[in-house]
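K.L.:
Sending over a structure as structure tokens; questions will come in a sec.
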Ligand SMILES: Nc1ncnc2c1ncn2[C@@H]1O[C@H](COP(=O)(O)OP(=O)(O)OP(=O)(O)O)[C@@H](O)[C@H]1O
Ligand SMILES: [Mg+2]
């Protein structure tokens, strides 16, 4: 991985804001409340890197099944067949099966980590998405959140991949002083729904933080149409 490489989000207009994209090796939170298109946007990025850039991606879906996620993405125009050699979607069912084979009595988190390390050796993935941090935490039965998150981020950085970590935190939560993962991450992309008027709700995206990047931290409108994501300046409030 070259140090100045950046991974485009492929969201039209947004990459320019990010000086070209997410710096290679960053661990970035993609956060937002339900339905703000966290999964779609993250999958979109991995999908386009696989299709247009020859990059290998792993999408770990802990909440939604592989079938349901792939069906949803197909409906949005992202055909799994076109990226079958490059984009691997793993769900909990699949992981559980593998875990049984490799589990040597370690904790869920330890086994989960060694599974992804194994995959790194075999598939040499460039991009890793985990959907979501919240479910991962629940499954890991974390006792000391602050410490365990610290070690999780350390470990993610050591993977030599660019990581997108989906978080269910709301924009308000992100700004709280005690939002540990906000400090630990290299970047935060926040998604929200904005009620403009009773009859109009818009999707918004903003880069709250991106280390090594001089970015505009404002909200932009996020549109998905014709199989493409795009951002535009907010014109009405
Ligand atoms: N073809 C489409 N075009 C535009 N928007 C769509 C399309 N298909 C689904 N959506 C929107 O995407 C939303 C779901 O997106 P997604 O599952 O990525 O959100 P999420 O933030 O991951 O949600 P969750 O918190 O439930 O995981 C739907 O609620 C719907 O509004
Ligand atoms: Mg989702």
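Only the coordinates and a few stated rules stand behind these numbers; no lab work does. Bear in mind that the values here come from a model prediction, so they are computed numbers and not experimental data. Because the Cβ atoms are built from the backbone with ideal geometry, glycine has one as well, and the counts that use them run over all protein chains shown.
K.L.:
What Kirkwood Rh does the chain have if only Cα atoms enter the pairwise 1/r average? Answer in Å.
P.N.:
Its Kirkwood hydrodynamic radius stands at 18.3 Å.
K.L.:
Right, something else. Quick one: length gained pulling residue 157 to residue 143 fully straight, 0.36 nm per residue minus the C-alpha distance?
P.N.:
Gain on extension, residue 157 to residue 143, equals 2.8 nm.
K.L.:
So if we plug the beta-carbon distance of residue 232 and residue 170 into 1/(1 + (r/R0)^6) with R0 = 22 Å, what FRET efficiency do we get, rounded to 0.05?
P.N.:
Once the sixth-power term is evaluated, E becomes 0.45.
K.L.:
While we're on this one: How do 78, 193 rank when sorted from fewest to most other Cβ atoms within 10 Å of their own Cβ?
P.N.:
193, 78
K.L.:
Suppose only helical runs count, i.e. DSSP H with n ≥ 4. What mean residue ellipticity at 222 nm does that imply for the chain under -39500 (n - 2.57) per run, divided by all residues and rounded to the nearest 500 deg cm²/dmol?
P.N.:
Helix-only estimate at 222 nm: -10500 deg cm²/dmol.
K.L.:
Of all DSSP beta bridges in the chain, what percent run antiparallel (nearest 5)? Intermediate values should be presented prior to the final figure.
P.N.:
On the way: 20 of 45 bridges.
Once the DSSP bridges in the chain are tallied, antiparallel ones form about 45 percent.
K.L.:
Between residue 67 and residue 200, what length comes free when the chain is fully extended (0.36 nm per residue of separation minus the Cα-Cα distance, one decimal in nm)?
P.N.:
Difference between extended and current length: 44.7 nm.
K.L.:
Given a Förster radius of 35 Å and the C-beta distance between residue 114 and residue 75 as r, what FRET efficiency does 1/(1 + (r/R0)^6) yield to the nearest 0.05?
P.N.:
That gives a FRET efficiency of 0.55.
K.L.:
So how do 7, 224, 112 line up by other beta-carbon neighbours within 10 Å, fewest first?
P.N.:
Ranking 7, 224, 112 by Cβ neighbours within 10 Å, fewest first, gives 224, 112, 7.
K.L.:
How are the alpha carbon pair distances in the range 12-144 distributed across 10 Å bins from zero to the largest one, expressed in percent?
P.N.:
11, 41, 37, 11, 1
K.L.:
Can you give the FRET efficiency for residue 215 and residue 98, using 1/(1 + (r/R0)^6), R0 = 41 Å, r = Cβ-Cβ distance, to the nearest 0.05?
P.N.:
Taking R0 as 41 Å, the efficiency between residue 215 and residue 98 is 0.65.
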